[in-house]
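Down below is the structure, laid out as structure tokens.
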Amino acid sequence: MISSKHTIKEALVIAKSKKVYIEGNFTKLLNNTSDKEVKSYIDLCKEKDLQNRKKRLQITKQVQKQNKDLESAAEENEKLVVDLKKALKETESAKKTAEDSMDKALQDLEVVQKKSQFELINIIVRVALWVIGGVGILTTLMYAVALMSDVDTQIIGSTWSNMFGILLTNAFSIVGTIMGVKYATDNTKE
């Protein structure tokens with residue numbers, strides 16, 4: 001128990017001038033006094049101490065609530081990060097699958113194009129050979145008819161000979177061109 005009246009009077013002066021009051025267990029030490037001014041000061045100190053404790057308790061509760069909210073938010077953020085990482089992995093996997101599918105589709109398209117080109121080349125060769133054969137047969141028939149009908153065949157003979165030379169040259173040219181295209185587009189070169 002603080003008994004020095006000088007200390008208590010000094011505390012009263014400080015409380016009045018600077019609004020600083022004794023708090024906590026010190027108020028218990030000043031409890032037994034008969035001085036009314038000191039008694040009212042002690043009561044005021046107790047009241048202020050109680051108010052300050054309530055404020056500190058409210059602040060503590062508020063801080064605890066905020067900490068709890070922050071922990072909850074941190075857990076939620078961590079969960080979101082995990083979900084984002086999972087979604088990123090799924091997206092990368094889907095992207096890889098799409099790229100693989102695209103590569104396969106391009107390969108299939110290339111095979112179809114080559115098949116179409118090969119079929120077109122076959123058609124061109126057949127038609128060219130039919131035309132060449134047809135012109136050759138027709139020219140030969142015309143020459144044979146001219147020979148049998150006692151007509152002068154000197155012009156028709158040279159024309160027939162030139163026609164066969166041209167047809168043969170065209171046939172080899174077509175076949176050579178097609179083989180060159182086939183060789184140029186072949187991927188199995190060594």
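Only the coordinates and a few stated rules stand behind these numbers; no lab work does. Please read all numbers here as calculations on a predicted model, not as lab measurements. Every residue, glycine among them, receives a Cβ derived from its backbone with ideal geometry; neighbour counts consider all protein chains shown.
Using DSSP to call loops (not H, G, I, E or B), can you name the trypsin sites (Lys or Arg not before Pro) in the range 15-124 whose Cβ has at most 16 other Cβ atoms within 10 angstrom?
On the way: sites: LYS16, LYS18, LYS19, LYS28, LYS36, LYS39, LYS46, LYS48, ARG53, LYS54, LYS55, ARG56, LYS61, LYS65, LYS68, LYS79, LYS85, LYS86, LYS89, LYS95, LYS96, LYS104, LYS114, LYS115; in loops: LYS19.
Counting only loop positions with at most 16 other Cβ atoms within 10 Å, the trypsin sites (Lys or Arg not before Pro) in the range 15-124 are LYS19.
Compute the long axis of helix 5-18 from its Cα atoms, compare it with the longest principal axis of the Cα atoms of the chain, and write down the angle in degrees, 0 to 90, nearest 10. The answer is roughly 40 degrees. The LYS19 and ALA74 beta-carbon pair, evaluated with R₀ = 30 Å, returns a calculated FRET efficiency of approximately 0.15. Spin-label model, ILE137 to ILE121: label points 7 Å out along the Cα-to-beta-carbon direction sit 2.7 nm apart. Based on C-alpha pairs under 8 angstrom that are at least 6 apart in sequence, the chain has a relative contact order of 12 percent.
The helix-only estimate of mean residue ellipticity at 222 nm for the chain, built from DSSP H runs of length n ≥ 4 each weighted as -39500 (n - 2.57), is -31500 deg cm²/dmol after division by the residue total. Going through (1) 168, 31, 27; (2) 69, 38, 26; (3) 49, 49, 30, the figure that equals Cα extents along the principal axes in Å as computed for the structure here is (1). Would you work out if the range 35-137 is rounded, prolate or oblate? Take a ≥ b ≥ c from the square roots of the eigenvalues of the alpha-carbon gyration tensor; rounded if a/c is under 1.5, else prolate when a/b is larger than b/c, oblate otherwise. Prolate, since a/c reaches 1.5 and a/b exceeds b/c.
The charge dipole of the range 5-185, taken about its Cα centre with unit charges on the Cβ of Lys, Arg, Asp and Glu (plus for the first two, minus for the last two), comes to roughly 2700 debye.
Which pairs in the list LYS18/LYS39; LYS19/LYS61; LYS16/LYS39; LYS9/LYS48; LYS19/LYS54; LYS19/LYS65 are over 23 Å apart, alpha-carbon to alpha-carbon? Walk me through the numbers before you get to the answer.
Values: LYS18/LYS39 19 Å; LYS19/LYS61 26 Å; LYS16/LYS39 15 Å; LYS9/LYS48 18 Å; LYS19/LYS54 19 Å; LYS19/LYS65 31 Å.
Too far apart for the 23 Å limit: LYS19/LYS61; LYS19/LYS65.
In order along the range 143-150, phi translates into HN-Hα couplings of 5, 5, 5, 5, 5, 6, 9, 6 Hz, rounded to whole numbers, per the Karplus curve 6.51 cos²θ - 1.76 cosθ + 1.60 with θ = phi - 60° and x for Gly and Pro.
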